[in-house]
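Q: Shown below is the structure under consideration.
Read-outs: derived from the displayed coordinates by stated rules, not from any lab. The structure presented is a predicted model; accordingly, all values stated were derived computationally and were not measured. Cβ atoms come from the backbone with ideal geometry, glycine included; neighbour counts cover every protein chain shown.
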Amino acid sequence: MEYLKAVLNSDKNKEITNLKKLIQTGKKLNKNIKKYEIELNKYNKEKATTPIKIIKRKTKTNTIKKVSKNKITSSSKYTIESVESRNNMVIIDFKTKISKSYVKFMEKKVNNAYQDIYDIKGNFKDAYPTKLKINGVKQIVIKQEDKNTLRILFEDNYNLKTIYFLVNDKRLILKVLDIKNSNSKSTSTKNTKVTYRPGLNKVVVLDAGHGGKDPGGIGPRKRYEKIVVFKVTKYLESYLKKRGYKVYLTRNKDKFIKVRNRTVLANKKKADIFISIHANAIGKAKAHKLKGIETFFLSPARSERAKRVAAKENGSDVREMSSSTKRAFLESLNRPRITASHKLSIDIQRNMLFNARKLYKDTVDGGVREGPFWVLVGAQMPSVLIELGYITHPEESRRLYTKKYQKALAEGIANGIDSYFLKNP
Ligand SMILES: [Zn+2]
């Protein structure tokens, strides 16, 4: 009881003291005190980090269940922005600053059920009849008790323990302390692994750049861009298929395809994302200097660097583009798609680089860039263009021609795609 009191008063020092006491007496009585030890450890860790970081760490398992992010009538004085459950917590975000006085706690025993009830000063539009889920807890119900009171009720057949924290004066975290079924944690992780595949039902169109009469960039020892990008595309295809994605290729052999026809397939297949794969090139004067991985997404922005790369990748048939194609270019650019493409670029670039550096620490990060790439024009989905490296750089082109490096890059791209769909299902 001392411990719970400390918890409810948000007195961390007292919480820790009481946890230590519980552990000590528990040891003497030969009781199972593991849960308290775990709890104490968490506090010790939490001390060292900011509250936001704690939350981020806990969201690593994919059990997030968003209940609502809907906006609420701004007329209410105590507006709640969102309520959701993550792992063993219920998280309530307020629109305005709050204090401890916003929370009232009650314990009840109804027949065989134990209840922890939190009455929170606030108004949440989607409160009733919403049920939240935390593994190991029989039920959690949120409802608007009256106009300015949101009730969160935890119920189970054992005496459950819950606590709350206030984070940054805007977020309330209600946490279930010791879930009775000690196996529940491992079961939930297992479930996640079995049931969660980000690639399920996702359609990806891969576009290996150039082909046929168009070799793309040419490096030393007649290393061709069109060959490298095709190899990586094929590895990527097999990795993605293994992970449950539906994958289509714009070319499945060494064949010339017009730039403007490359997105046609993606639209026809209603792809979720479109990925065009290339290798960079630069004139002899700079060939020894320039190397590294870059990921581009389509935007009207025209930095010098993006202009140069775009000019190269836009290809030989760019002059054929009619004014209607150019109109399509402008029409295809809407803000949400640019944002999604940007996010996808970041995930791909990061993972590709990570994998590349496992083999070659000196791999250069060319970063994520935006530019006017015709090959991405008309794609009605988030789309990116990857430059795997410089085919003109003596050492990088050598690496690009090895199976080991091609596979590493392909796996990195696949991981980036997974990561993107994890965050943007
Ligand atoms: Zn290219």
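Q: With label points built 7 Å along Cα→Cβ from the Cα atoms of residue 12 and residue 157, find their separation and express it in nm.
A: That separation, rounded to one decimal, is 3.8 nm.
Q: Using DSSP, restrict attention to beta bridges with both residues in the stretch 203-423 and report what percent are antiparallel, rounded to the nearest 5. Could the numbers behind the result be given before it?
A: Numbers: 7 of 28 bridges.
Close to 25 percent.
Q: Taking a 30 Å limit on the Cα-Cα distance, which of the listed pairs 133/234; 253/407; 241/284; 21/423; 231/343; 21/100 fall beyond it?
A: Beyond 30 Å: 133/234; 241/284; 21/423.
Q: Starting from the alpha-carbon convex hull of the stretch 203-423, give the projected area averaged over all orientations, in nm². Before the final figure, lay out each step's value.
A: Numbers: hull surface 44.1 nm².
Across all orientations, the stretch 203-423 yields a mean hull projection of 11.0 nm².
Q: Another question about this same structure. Obtain the nm distance between the two label points defined at residue 167 and residue 84 by a simple spin-label model: each point lies 7 Å from its Cα along the Cα-to-C-beta direction.
A: Computed distance between label sites residue 167 and residue 84 equals 1.1 nm.
Q: Show me, for the stretch 137-152, the HN-Hα J-couplings you get by feeding each phi into the Karplus relation (A = 6.51, B = -1.76, C = 1.60, θ = phi - 60°), rounded to Hz, glycine and proline as x.
A: 10, 4, 7, 10, 10, 10, 8, 7, 5, 8, 3, 10, 10, 9, 9, 10
Q: Same structure again: What distance in nm lies between label points placed 7 Å from Cα along the C-beta direction at residue 32 and residue 100?
A: 3.2
Q: May I pose another question? Peptides 372-379, 19-26, 230-237: what's the order by average Cβ count within 10 Å, highest mean first? Mind dumping the intermediate values first?
A: Numbers: 372-379: 24.1, 19-26: 15.5, 230-237: 22.0.
Result, highest mean Cβ count within 10 Å first: 372-379, 230-237, 19-26.
Q: From the phi of every residue in the stretch 15-31, what ³J(HN,Hα) in whole Hz does the Karplus formula 6.51 cos²θ - 1.76 cosθ + 1.60 yield, where θ is phi - 60° and glycine or proline is x?
A: Whole-Hz 3J(HN,Hα) from phi for the stretch 15-31: 4, 5, 4, 5, 4, 4, 4, 4, 5, 4, 5, x, 4, 4, 8, 6, 9.
Q: With Cβ to Cβ distances under 12 Å as the rule, what net charge do the other residues near residue 397 carry (K, R +1; D, E -1)? Intermediate values should be presented prior to the final figure.
A: On the way: positive: 221, 222, 223, 291, 398, 399; negative: 225, 395, 396.
Charge balance in the 12 Å sphere: +3.
Q: Something else: Sum up the charges of everything whose Cβ sits under 9 Å from the Cβ of residue 208, counting Lys and Arg as +1 and Asp and Glu as -1, but leave residue 208 out. Before the final figure, lay out each step's value.
A: Working: positive: 226, 231, 234, 251; negative: 207.
In short, +3.
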